[in-house]
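Reviewing the structure listed below.
Derivation of every value follows stated rules applied to the coordinates shown; laboratory data play no part. Computed from a predicted model, the values in this text were never measured in an experiment. Reconstructed Cβ throughout: ideal geometry from the backbone, glycine too, with neighbour counts over all protein chains shown.
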Amino acid sequence: MPIVVQKYGGSSLADAESIKRVARRIAETKKAGNDVVVAVSAMGDSTDELVDLAQDVSPVPAPRELDMLMTAGERISMALVAMAIHDLGISARSFTGSQAGVITDEAHGKAKIIDVTPGRITEALGKGHVVIVAGFQGVSQTTKEITTLGRGGTDTTAVALAAALGADVCEIYTDVDGVFTADPRIVPKARKIDRISAEEMLELAASGSKVLHLRSVEYARRYDIPIHVRSSFTPKEGTIVSDQPGPAGAEGTEGEAVEAPIIAGVAHDLSEAKITVVGVPDTTGKAAQIFHAVADAEINLDMIVQNVSATDTGLTDISFTLPKTDGQTAMEALTAIQEQVGFTGLQYDDQVGKLSLVGAGMRSNPGVSATFFRALADADVNIEMISTSEIRISVITRSELLEEAVRAVHTAFGLDSEDGEAVVYAGTGR
Ligand code: ADP
Ligand code: ASP
Ligand code: MG
């Protein structure tokens, strides 16, 4: 029997009615003659609620216990979905990530999957059960502790299961019709993309498009598994994420290169903060000391900017962005080396937003940056930092200007849809 792997996000499982609706969809897939394995997220915004609760109890919760707490959300969903499938006359078995053989490293809160040993899944499938797996969690190979994969990680659970089980495709069911040219919650005129390369999707996900967890796209690319992002609320086809050419003439395929869009989409991100190290002596080795301290605190940086030093002082400023959740740790790590490095101060700014324009066509089309910066200027958006890759331009702006900036850039590149507004079926966007 062909194996189908599906993932249902929290917004598709927000309450009892939604769970029964999803169960019907799973049952139909089983009745159509497939072996079905499903990764589920926690209901609605319940993971955020668990995190809030933990913070009310303990301002900086112990990472091991926070993972224990957060994995409870997915356990609730998996059991309820399995119950609802039973009531439709189909047998189902739920498994935690650990039971399903999702083996990770030991990094609590951001564990990486290092192996999947799906013995219990294949055994259950062999007995004719539908298998429901709790997403976003695993067990550490070395410490044997329960871990989580980072927010949004159920996408990665699903792709990892699809790869381990040899599924042809991994279906990601969510609250929008697929991947759009921008987040439909802030750009109602965003267009659904029928097919997008894994390369472009990686850049969009890395730039804040939370429709797919970044690591799920990396994983799918490594194992050559196409992802089908689609709505759990309609039967419509969604977006195929794959580097393989699609059917002749399909959007984004090689055969259609002449028509291929230059720009895939616009992403935005409000999850980062900016730190400025003020008055750094402009001598060799200072940047190395600063970034070593941040790296030793296990913080991943995003953009980095160093100004030219003022000739009369010989001092310069270095700014960088990082996840807001790492802000406090970074400030502490830098304060600890202030005397040794000799900088004058630190500034922390969490009112910043990042806007990114992504498209493989940037490589060969001059003028993209000119249009981009013109659109931002016309929208009166001041730019604080810039970074680029081969297929992306990103800027940092004031957070309150970000949404307006995204709409302006979307329009400037002709991405606005002619046929009505994008539908957001559920979810709070939290
Ligand atoms: P789920 O609960 O299904 O995991 P998420 O909230 O994680 O759902 O992801 C779906 C959301 O991603 C959409 O509701 C939308 O607001 C947001 N999103 C951001 N960028 C995009 C994009 N380019 N295309 C589609 N959705 C996007
Ligand atoms: N429930 C987890 C989260 O909210 C994982 C997921 O939804 O993918 O981040
Ligand atoms: Mg998600």
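Couple of notes before you dig in:
- Positions within region 196-219 being outside any loop (DSSP other than H, G, I, E, B) and more than 16 Å from ligand 2 (Cβ to nearest atom), in sequence order: ILE196, ALA198, GLU199, GLU200, MET201, LEU202, GLU203, LEU204, ALA206
- Top-ranked residue of region 152-170 - restricted to ones that are surrounded by fewer than 22 Cβ atoms within 10 Å (Cβ to Cβ) and closer than 24 Å to ASP67 by Cβ, ranked as nearest to ligand 1 (Cβ to nearest atom): GLY152
Yes or no, residue by residue, for (1) within 22 Å of THR174 (Cα to Cα); (2) without any contact (Cβ under 8 Å) to a residue 24 or more places away in the chain; (3) within 16 Å of ligand 2 (Cβ to nearest atom):
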{"position": "VAL4", "(1), (2), (3)": "yes, no, no"}
{"position": "LEU13", "(1), (2), (3)": "yes, no, yes"}
{"position": "SER41", "(1), (2), (3)": "yes, no, yes"}
{"position": "LEU50", "(1), (2), (3)": "yes, yes, yes"}
{"position": "SER58", "(1), (2), (3)": "no, yes, no"}
{"position": "GLU65", "(1), (2), (3)": "no, yes, no"}
{"position": "ASP87", "(1), (2), (3)": "no, no, no"}
{"position": "SER94", "(1), (2), (3)": "yes, no, yes"}
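- Top-ranked residue of region 171-225 - restricted to ones that are surrounded by fewer than 19 Cβ atoms within 10 Å (Cβ to Cβ) and over 24 Å from GLU403 (Cβ atoms), ranked as nearest to ligand 1 (Cβ to nearest atom): ASP194
- Considering only residues in region 220-229 that are part of a loop (DSSP other than H, G, I, E, B) and not β-branched (Val, Ile, Thr), the one that is farthest from ligand 3 (Cβ to nearest atom) turns out to be ASP224.
- Cβ-Cβ contacts under 7 Å between residues 6 or more apart (or on different chains), taken from a first residue in region 318-333 that is farther than 21 Å from THR344 by Cβ to a second residue that is among the hydroxyl-bearing types (Ser, Thr, Tyr) and surrounded by fewer than 19 Cβ atoms within 10 Å (Cβ to Cβ), are listed as PRO323/SER271; LYS324/SER271.
- Taking the criterion of being surrounded by fewer than 20 Cβ atoms within 10 Å (Cβ to Cβ) and part of a helix (DSSP H, G or I), the only residue of region 85-95 that qualifies is HIS86.
- Residue within region 350-360 that is part of a helix (DSSP H, G or I) and under 23 Å from the mean Cα position of the chain (by Cα) present: yes
- Test: residue in region 418-427 that is loosely packed, with under 15 Cβ neighbours inside 10 Å and among the hydroxyl-bearing types (Ser, Thr, Tyr): yes
- Extreme residue, farthest from the chain's Cα centre (by Cα), among residues of region 96-109 that are part of a loop (DSSP other than H, G, I, E, B) and over 17 Å from GLY73 (Cα atoms): GLY101
- Residue list for region 379-415, restricted to those being among the charged types (D, E, K, R) and part of a loop (DSSP other than H, G, I, E, B): ASP380, GLU384, GLU390
- Candidate set from region 54-64 (those that are out of contact with any helix residue (DSSP H, G or I) (no Cβ under 8 Å at 6 or more places or on another chain), surrounded by 11 or more Cβ atoms within 10 Å (Cβ to Cβ) and not polar (S, T, N, Q)); member that is nearest to ALA134 (Cα to Cα): ARG64
- Taken over region 36-46, the criterion of being crowded, with 24+ Cβ neighbours inside 10 Å and more than 10 Å from ligand 1 (Cβ to nearest atom) is satisfied by VAL36, VAL37, VAL38, ALA39, VAL40.
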